[in-house]
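Beneath this line is the structure, given in C-alpha cells, with notes to follow.
The values are calculated or read from the model by the stated rules, or taken from the named source; none is laboratory data. Keep in mind it's a predicted model, so treat the numbers as computed, not measured. Quick reminder, even Gly has a Cβ in these numbers, built from the backbone with ideal geometry, and neighbours come from all protein chains shown. Note: accessible area is taken over every heavy atom of the protein model, side chains too, but ligands, DNA and RNA are not part of it. Shrake-Rupley method; radii C 1.70, N 1.55, O 1.52, S 1.80 Å.
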Amino acid sequence: MTPGAANHLQVSPSGWLVSGADDGLHVLEATHLDMVDGRVKGATFGLLSASESSRLVARLGHSSVPGDSAPDTPWAAVAHRADGSLSLACSPMLVSGLFLTVERDGRRTRLIAATDPVRVLRTMRGRLNLNQDFIHHFAMFSAAPRGTPFTDIVRVPPGDTVVWRPGQQSITTVEWCGPATLPAPHREGNLVARDYLRTFDAVVADLAARSGPLVATVSGGLDSTFLASSLARVATPENPVHGFCHSPLPEANCTPMAHFDPDDFPLAQLMAADYADLLSVTAMRNTDHIHPLDAALARSELTGWPTSSATNAVWLNDFNNQAASLGATTAFVGVCGNATFSDSHLYASGYYLRRGRVDRSLSLAAAQMGHGQSWRSAMRSRVFRPLRQSPPANSQRWVTLGLRIPVAKTHPSPSRDTYLAWCSGHLHSMAGSLNPASAPGILLVDPFASRAVIELAAEIEPRHWQRGAPDRAFARQVAKGRVPEAIRTRRRRGGQGRDAWYVVSRDLDRLDRALAHVRGSQVLSEVLDLDIFTRVVAGLRKRPEHDPPSHIDLEDLLRILALGEYLHWVDAEFGSAVVPAPGIRPQGGLNPSGRYGPAGTPAGPPLGSGD
C-alpha cells in the first residue's frame with residue numbers, strides 16, 4: 001500500500017477493517033496506522049496511544065504473542081510481516097473477538113478481517129452462504145464460540161493470534177491467553193483478596209485515565225456495584241461516575257419471580273448514597289414502549305450478528321444512547337464478573353478428586369460447617385452434587401416443545417477446563433452484546449475481562465473461592481467495605497427486562513409479522529415446529545395483561561422471532577444462499593469441535609471460495 005493510498009484510511013472509533021492480498025496490507029478503518037519507509041506495517045483499534053500502537057505492531061511483526069508490548073485495554077491489531085504474512089490479534093478485553101474470511105479470485109486470495117461481522121459482509125465480493133449448523137444451535141442458545149452465521153466467516157476469540165499467508169485459504173492460530181495457556185492454581189490465604197483488589201483497581205485506574213466522562217452500568221448486583229466502587233476511587237466531583245440502571249415501568253406492576261427481583265434501582269441508589277458527589281445512578285425505563293424485537297433488530301443491523309436477548313436489547317440500546325449524550329467514548333460494564341469475580345467454582349470437588357487430593361475435596365465441606373450447614377448437608381452440596389450432571393431440562397419450555405431436533409436432557413458436570421474457557425472468553429461468544437459496532441463511537445470496556453484479572457483468577461485455588469458464605473464467598477469477601485451490606489450479602493438476583501410482557505402485549509401484531517419471517521426462513525423451518533409456535537403466539541392474544549407468561553418462555557420466543565427477522569434482514573441486505581446440510585462446514589468452516597487445531601497448525605478446512 002502506497003503512502004498516497006493511506007490517505008483513504010477512515011479513522012474509526014467504532015470498528016476496525018483490514019484486508020490483505022499479494023500486494024500487501026490494506027487498512028480501511030482503524031484508530032492508528034503504522035508506516036515505515038512509506039509502507040503500511042500495521043494498524044490498531046482501541047484504547048492505545050500512538051507509541052503503544054507502534055510497539056504492538058512491531059511485536060506482532062515477528063511474534064504471535066504480544067507479550068508486555070500490549071497494554072491491558074481493549075484492542076485489535078494487524079501487522080505485515082517480513083515474509084509477507086499477516087498477523088492479527090485482539091486482546092482479552094475486546095471480548096467480541098475478530099471476524100475474518102478468505103476469498104479466492106482466480107489464483108489470487110484476499111483476507112478480510114474486522115471487529116464485527118457487518119464490516120466483513122459489506123466488503124466481501126462473493127456469494128454469502130448461511131451456516132445452518134450455527135443458526136440451529138444459536139436458536140437453542142448453544143452455538144460454538146468460534147462459529148458465525150456464515151460458512152465463510154470465522155470468529156477469532158480474544159487472546160488468540162491468527163497468521164495468514166497470501167495465496168493460502170487456511171489460517172494458523174496461536175492461543176496466548178486462553179484455557180491452554182492460563183497458569184495453574186496456587187494462590188490461597190489471607191493476601192489473595194488484597195491482591196485481587198490491587199490488580200482490579202490498577203486495571204480500572206488505567207482504563208479510566210484513557211477515558212473521557214466515566215459512564216457505567218450499575219445494578220443491585222455484586223459485579224456491577226464492585227466495578228462502580230472501583231471507578232468511584234478514581235472519580236472526582238468534577239468528573240464523577242455516571243451510573244445507569246435498568247428499572248421496569250411502574251405501570252407494568254412487575255413482581256418477584258423465583259429468586260429474581262424485577263427492579264434493582266433501589267439497591268443501586270444505595271451505591272449512589274455511599275459515594276455521594278462521586279457516583280450518580282439514573283434509572284433507565286422504557287417510557288417510549290420500544291418493542292424488544294425492534295431493539296433486537298436495531299442491534300443486529302449495527303453488528304451483523306443475531307441478538308440473543310431481545311428484552312435486554314431495549315435497555316442496552318438505551319445505555320449506549322445515554323453514554324453518547326454525555327460525550328463518552330468508553331462505557332464500563334461488568335458482564336464478565338460472573339466468571340472472574342463472583343463464580344463459586346463448583347468444579348472444585350471433581351478437580352481435587354481427579355488429582356487424588358481427597359483432603360482438599362473434604363475441606364470444601366468443612367469450610368461450610370461454620371455457616372449453619374451440617375456435615376452431611378455440606379458434603380452433599382459441595383462434594384457430591386457437583387460431580388453429577390444437571391437434572392433434565394424443563395421439557396415444557398416453549399422453545400423445547402417447538403424444536404424438531406433432540407435437545408440435551410442434561411448438562412455435563414462442571415470442570416476446571418470449562419471454567420478456564422469461560423473466564424478467558426473461549427467458551428461463549430459475546431460477538432453481539434459487547435461488540436464495538438453495537439455502540440457507534442463508544443467502546444464497551446469490561447475490566448473483569450482484562451488479562452491481569454483473568455490470569456489472577458486462574459491462579460487462585462478453586463477451594464479458596466468457596467471459603468466463607470454459602471455462595472459467591474470470595475466476591476463477598478473482596479467487596480466488604482466497597483459496596484453496601486444490603487448488596488454484599490444479597491442472595492437474590494436482579495432480573496432485567498421483566499416489563500417486556502407489558503410492552504409486547506400492546507402490539508401482538510408485531511409478533512405475527514416476525515413469525516412470518518420465521519416461516520419464510522428455510523434454515524429455521526427445518527428445526528422448528530411452526531405449528532407449535534403459531535399456537536403459542538395465538539395463545540398470547542388470550543392472555544390478560546396482568547397474567548404474564550413465564551419470562552424465560554417469553555425470552556425464548558422472542559429470541560426465535562428475532563432470529564427470523566435477522567435472517568430476513570441478511571437476505572434483504574446481502575442476499576444469502578443456504579448451504580445443504582450434508583455439505584456444510586460445521587460452525588463456520590471450523591472442525592466439528594468448533595475449535596481451531598493446536599497452536600501453529602492449520603485451522604481445519606479452508607475458508608470461503610468467494611465465487
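So the values come out like this:
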read-out	value
Conditions (1) touching a Leu at 6+ places or on another chain (Cβ under 8 Å); (2) open to solvent by less than 10 Å² (accessible area, probe 1.4 Å); (3) modelled with pLDDT under 95; (4) among the aliphatic types (A, V, I, L, M): number failed by VAL445	(3)
Residue that is surrounded by the most Cβ atoms within 10 Å (Cβ to Cβ) [pool: residues in region 195-224 that are within 24 Å of GLU459 (Cα to Cα) and of a type in the set (S, T, N, Q)]	SER224
Criterion: touching a residue at least 12 places away in the same chain (Cβ under 8 Å) and either farther than 29 Å from ILE454 by Cα or among the basic types (Lys, Arg) (or both) - qualifying residue of LEU111, LEU94	LEU111
Residue match in region 165-187 (condition: closer than 30 Å to PRO484 by Cα and open to solvent by 20 Å² or more (accessible area, probe 1.4 Å))	yes
Among residues of region 319-328, those that are open to solvent by 40 Å² or more (accessible area, probe 1.4 Å), in a helix (DSSP H, G or I) and not small (Gly, Ala, Ser), counted	2
ILE560, sole failed condition from (1) within 19 Å of MET140 (Cβ to Cβ); (2) not in a helix (DSSP H, G or I)	(2)
Boolean, LEU456 is part of a helix (DSSP H, G or I) and more than 20 Å from SER308 (Cα to Cα)	yes
Qualifying positions in region 448-475 - crowded, with 21+ Cβ neighbours inside 10 Å and either under 28 Å from LEU316 (Cα atoms) or touching a Ser or Thr at 6+ places or on another chain (Cβ under 7 Å) (or both)	PHE448, ALA449, SER450, ARG451, VAL453, ILE454, ALA457, ARG463, TRP465, GLN466, ARG472, ALA475
Residues (in contact with a helix residue (DSSP H, G or I) (Cβ under 6 Å, 6 or more places away or on another chain) and polar (S, T, N, Q)) located in region 309-336	THR311, ASN317
Some residue of region 268-286 being part of a helix (DSSP H, G or I) and open to solvent by less than 10 Å² (accessible area, probe 1.4 Å)	yes
Residue in region 360-378 that is of a type in the set (Ser, Thr, Tyr), within 23 Å of ALA458 (Cα to Cα) and at pLDDT 85 or above present	no
Search result, residues across region 473-501 that are touching an Asp or Glu at 6+ places or on another chain (Cβ under 7 Å) and at pLDDT 95 or above	PRO484
Segments classed as strands (runs of 3 or more DSSP E), wholly inside region 1-103, with at least 1 members that are modelled with pLDDT of 85 or more, open to solvent by less than 20 Å² (accessible area, probe 1.4 Å) and not charged (D, E, K, R)	17-21, 24-30, 39-46, 75-80, 86-90
Lone qualifier among LEU60, LEU100, LEU47, LEU111 - being over 23 Å from GLY425 (Cα atoms) and among the hydrophobic types (A, V, I, L, M, F, W, C)	LEU111
Selected residue (only one of VAL453, VAL445 is more than 16 Å from the chain's Cα centre (by Cα) and hydrophobic (A, V, I, L, M, F, W, C))	VAL453
Residues of region 121-154 satisfying the condition of being surrounded by 24 or more Cβ atoms within 10 Å (Cβ to Cβ), closer than 27 Å to SER64 by Cα and of a type outside the set (S, T, N, Q)	ARG146, GLY147, PHE150, ASP152, ILE153, VAL154
Residue ranges of helices (runs of 4 or more DSSP H) in region 485-527 with at least 2 members open to solvent by less than 20 Å² (accessible area, probe 1.4 Å)	500-504, 509-519, 522-525
HIS411 vs. criteria at pLDDT below 85, closer than 30 Å to TYR566 by Cα and open to solvent by 80 Å² or more (accessible area, probe 1.4 Å)	yes
Pair list, Cβ < 7 Å and 6+ apart or interchain, from region 261-277 residues that are in contact (Cβ under 8 Å) with a residue 40 or more places away in the chain to residues that are buried (at least 18 other Cβ atoms within 10 Å of the Cβ) and assigned to a helix (DSSP H, G or I)	LEU267/ILE487; LEU270/ILE487; MET271/THR225; MET271/ALA228; TYR275/ALA232
Qualifying positions in region 299-311 - assigned to a helix (DSSP H, G or I) and either more than 25 Å from VAL570 (Cβ to Cβ) or open to solvent by 40 Å² or more (accessible area, probe 1.4 Å) (or both)	GLU301, LEU302
Selection count where residues are charged (D, E, K, R), assigned to a helix (DSSP H, G or I) and under 30 Å from the mean Cα position of the chain (by Cα), scope region 329-384	1
Any pair with Cβ under 6 angstrom, 6 or more apart, that starts in region 474-499 at a residue that is touching a residue at least 40 places away in the same chain (Cβ under 8 Å) and ends at one that is open to solvent by 80 Å² or more (accessible area, probe 1.4 Å) and assigned to a helix (DSSP H, G or I)	PRO484/ASP274
Filter result for LEU227 (surrounded by 23 or more Cβ atoms within 10 Å (Cβ to Cβ) and either closer than 19 Å to PRO447 by Cβ or without any contact (Cβ under 8 Å) to a residue 40 or more places away in the chain (or both))	yes
